[in-house]
Structures are given as C-alpha cells and as structure tokens.
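Step one of this worksheet: look at the structure below.
The values are calculated or read from the model by the stated rules, or taken from the named source; none is laboratory data. Source: prediction; values computed, not measured. Virtual Cβ from ideal backbone geometry, glycine too; neighbours counted across all protein chains shown. For accessibility, only protein heavy atoms count, side chains too; no ligands or nucleic acids. Shrake-Rupley method; radii C 1.70, N 1.55, O 1.52, S 1.80 Å.
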Amino acid sequence: MPWPLNIDPQQILLHWMNLAILAGGLYFLLYKPVKQFMAKREAHYRELDEQAQDKLAQADRIHTEYREKLEGAEEEIRQERARAQQAAAQSAQEQLDQAQAQAKQLVARAQAEAERARDQALRDSQQELRRLAEEATRRLALRQDPFDQFLDLAEGGKRNESR
C-alpha cells in the first residue's frame, strides 16, 4: 500500500535515524566538550572571585591592622611628647633651682663681703677717730687753756710772748 503524497515510511525512518545519529554525534562531539569547557571556565572564574574576595578580606584586615598601628603610633607619639614636655619642664625647674641656689650663694657672698667691708670701714673709722682723738688730745695738751688764750688775745698777745 502506497502512502499518500508519495511518502515512504522507510525514508522517514532513515531520516529520523540520521537525525538521531547526528544529534548524538554532535552531543558527544560538541555539546559535552563545550559544556565541560564552560564548567571549567565557570570554576576558574569562581576560583578567581574567591581569591579576589580573600585578597580583599586580607587587604581589609591589613588596613585595619595599619589603622590600629597608626592609632597606637599616634598614642605613643602623644605619650612621648608628654614625656618630653615633662622632661623639659623638669630640666627647666632644675635649672631654675640651680639658678636660685647660685643666686642665694651670690647674695650670701655679697652680704658677707658687705659685712666684711662694713666691719673694715668701721675699724678704719674707729682707728681714724682714735688717731684724730689722739691728735686732738695732743694738740690740746700743747695748747693753752682757752681762758688763757682769751686773755692773751685781749692783752694783744703779750702773755704769749712772755712765755
């Protein structure tokens, strides 16, 4: 029995078999290797993404550590600056104390020197007073009595001439 429109079922079956063989061949020759290539590529990019995420996390961790170190360094610098200021203040106080001690020594020496100068001036003036007193006494002893001098002056110097 012939089929309408000149269709041969054997030919259709052969075309279907050719199509199945072609599809199976293409599946094994193209689709499977392409799928494997795509899977490898996806795994490769996933691995790169994970590495990038790891590196990013590591960079964040390092950044955090550096921030902490920087804050620690700033704190250390602040403490060191405070120590330096304290040392400078202490040094200035020590120098001030030394200067005050030297000033006290200078004042004490000056007072002692002034005391010695005053004592020397007092001794010198006492010696000068003694000398002047002795000279005055000597002159008075050599001189006449003031009444006698008065009388001498009144008489016109006659009394002095008689002596």
- request: Kindly establish whether LYS104 is surrounded by 10 or more Cβ atoms within 10 Å (Cβ to Cβ), modelled with pLDDT of 95 or more and of a type outside the set (Gly, Ala, Ser).
  value: no
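Yes/no matrix, rows are residues, columns are (1) open to solvent by less than 100 Å² (accessible area, probe 1.4 Å); (2) modelled with pLDDT of 95 or more; (3) acidic (Asp, Glu):
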residue: ARG46; (1), (2), (3): no, yes, no
residue: GLU50; (1), (2), (3): no, yes, yes
residue: GLU74; (1), (2), (3): no, no, yes
residue: ILE77; (1), (2), (3): yes, no, no
- request: Of the numbered conditions (1) over 60 Å from the mean Cα position of the chain (by Cα); (2) surrounded by 10 or more Cβ atoms within 10 Å (Cβ to Cβ), ASN6 fails exactly one; give the number of that condition.
  value: (2)
task: From the list ALA89, ALA101, pick out the single residue that is over 17 Å from the mean Cα position of the chain (by Cα) and hydrophobic (A, V, I, L, M, F, W, C).
output: ALA101
